[in-house]
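One structure is given here, and the rest of the page talks about it.
The values are calculated or read from the model by the stated rules, or taken from the named source; none is laboratory data. All of these numbers come straight from a predicted model, not from anything done at the bench. Cβ atoms come from the backbone with ideal geometry, glycine included; neighbour counts cover every protein chain shown.
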Amino acid sequence: MRISYSSVGTYQTCPLKYKFQHVDRIPEPKSKEAVFGTLVHAVMKYIHTPALLSPTIEQALDYFAKGWNSEVYEDEMEERAAFSQGVTILQNYLARTKPNDYTIVDLESRFAIEIGDEEHGKHIVSGIIDRIDRTADGYEIIDYKTTRKMPSQDKVDNDLQLSIYLKAFLVRYPKETEHLNKITVSLYYLKHGVKLSSVRTKEQLERVDQTFLDVIKAIEEEKFEPILSPLCDWCGYQKICPLWKHKFAETRKLETEEVKVAIGEYLDLKGKMSQEKQHLGKLQALILQYMEQEGVDRVFDEQGIIGKSLRKTYKYDEEKLRAILEPLDKWEAILKVDGIALRTILAVLPSPVKQSVEETKMLDKESVSLSVKKNKIEVDDELSL
Ligand code: SF4
């Protein structure tokens, strides 16, 4: 399979979005954020293209203005805000950066590298590296970001995009594999003027292939479940996505008046139930406190009796239990796979073992649940199929 880094990223964000984009090939209208980001990237390339004289701030702003696309903005105010943000980014960038101080090795460098092996299948991963610089004692691989949200250092240290860029770089310059600690990988957050940098170890790079192979395997197995996330706000497929399309009146086909009323009533009832649950908790605390003070275990009213009972849960001493049951050949029979414990262990297992464990997974029970998000209260109703 030939796959671009960005489509692997799309799959990790939301497998269904990947399907819409790359399997069904449904064109996605470009978001204003994407259009803005592409233009700022183009200006950065213009600024850093090696030349005798690097562009002045006026020239850079002129380049930015000429590439501006006003069609993606909803109104003039929104467009004006975005344009002035672009101008600020470039002014600030050029105020702290002198392009000629950098030794540029390549800009918007395209790559296509092989991952996998004969046994697991070979695949090609492609992408574009924004910038590669020669530094005093090594290299720096830079990816520009125009998003506002910045990741933690831990996320940068494990960022898949930077790792695959470094792998691509090493395919081009294999001798540099010996000097990994001298190659910096950086995410440059232009809106903040902050560069978050990291390095990679050999072991980290070895694990990258497995991540790509896992994604490719899931794609080949047609696993395309949607993932609800804040990124949905920027997704152009909301009108056909099962998690969102009901929001748009024109995409509702089978909704009858009865269903409409049911949805309204359900939300209403869940809200009341949640309020009552909270109220019930307060009453319970008050009554228990009263019982404690009075030294009684039951209280009486015309409507009935409320009794206090102590519920105890026990657990067994595993070692002692094992010592008793193993000689009777009954130990194995009581062992049951504990899903939570297994998930904890899985996280620290080597990838091939993890994969083997995953392959033993079978569907046990399927249930549908309705979740309600209302007034910051989330409640679940389990409906067994
Ligand atoms: S709207 Fe969200 S869940 Fe639906 S396809 Fe887009 S990213 Fe995925």
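A few notes on this one:
- Within segment 219-239, the set of residues being in contact with a helix residue (DSSP H, G or I) (Cβ under 7 Å, 6 or more places away or on another chain) and away from the ligand (no atom under 13 Å from the Cβ) comprises 219, 223.
- Hits in segment 1-40 (condition: in a helix (DSSP H, G or I) and more than 27 Å from residue 216 (Cβ to Cβ)): 32, 33, 35, 36, 39, 40
- Odd one out for residue 248, checked against (1) of a type in the set (Phe, Trp, Tyr); (2) within 16 Å of the ligand (Cβ to nearest atom); (3) in contact (Cβ under 8 Å) with a residue 12 or more places away in the chain: (3)
- Hits in segment 31-63 (condition: touching a Gly at 6+ places or on another chain (Cβ under 8 Å) and within 16 Å of the ligand (Cβ to nearest atom)): 31
- Flag if residue 261 is assigned to a helix (DSSP H, G or I), within 16 Å of the ligand (Cβ to nearest atom) and of a type in the set (Val, Ile, Thr): no
- Scanning segment 214-242 for residues that are hydroxyl-bearing (Ser, Thr, Tyr) and either surrounded by 15 or more Cβ atoms within 10 Å (Cβ to Cβ) or not assigned by TED's automatic domain parsing to the domain that holds residue 17 (or both) turns up just one, 237.
Residues are listed down the side, and each one gets a yes or a no for (1) more than 30 Å from residue 217 (Cβ to Cβ); (2) in contact with a Ser or Thr (Cβ under 7 Å, 6 or more places away or on another chain); (3) touching a residue at least 60 places away in the same chain (Cβ under 8 Å):
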site: 274; (1), (2), (3): yes, no, yes
site: 283; (1), (2), (3): yes, no, no
site: 302; (1), (2), (3): yes, no, no
site: 317; (1), (2), (3): yes, no, no
site: 321; (1), (2), (3): yes, no, no
site: 327; (1), (2), (3): yes, no, no
site: 332; (1), (2), (3): yes, no, no
site: 349; (1), (2), (3): no, no, no
site: 355; (1), (2), (3): no, no, yes
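- Where strands (runs of 3 or more DSSP E) fall wholly inside segment 76-145, the ranges with 1 or more residues that are surrounded by 18 or more Cβ atoms within 10 Å (Cβ to Cβ) and not hydrophobic (A, V, I, L, M, F, W, C) are 121-134, 139-145.
- Residue count, segment 146-189 (criterion: surrounded by 14 or more Cβ atoms within 10 Å (Cβ to Cβ) and in contact with a Lys or Arg (Cβ under 7 Å, 6 or more places away or on another chain)): 9
- Residue within segment 274-289 that is in a helix (DSSP H, G or I), on the phi < 0 side of the Ramachandran plot and either in the same structural domain as residue 28 (by TED's automatic domain parsing) or in contact with a strand residue (DSSP E or B) (Cβ under 6 Å, 6 or more places away or on another chain) (or both) present: yes
- The set of residues in segment 4-17 that are near the ligand (Cβ under 9 Å from one of its atoms) and touching a Ser or Thr at 6+ places or on another chain (Cβ under 8 Å) comprises 13, 14, 17.
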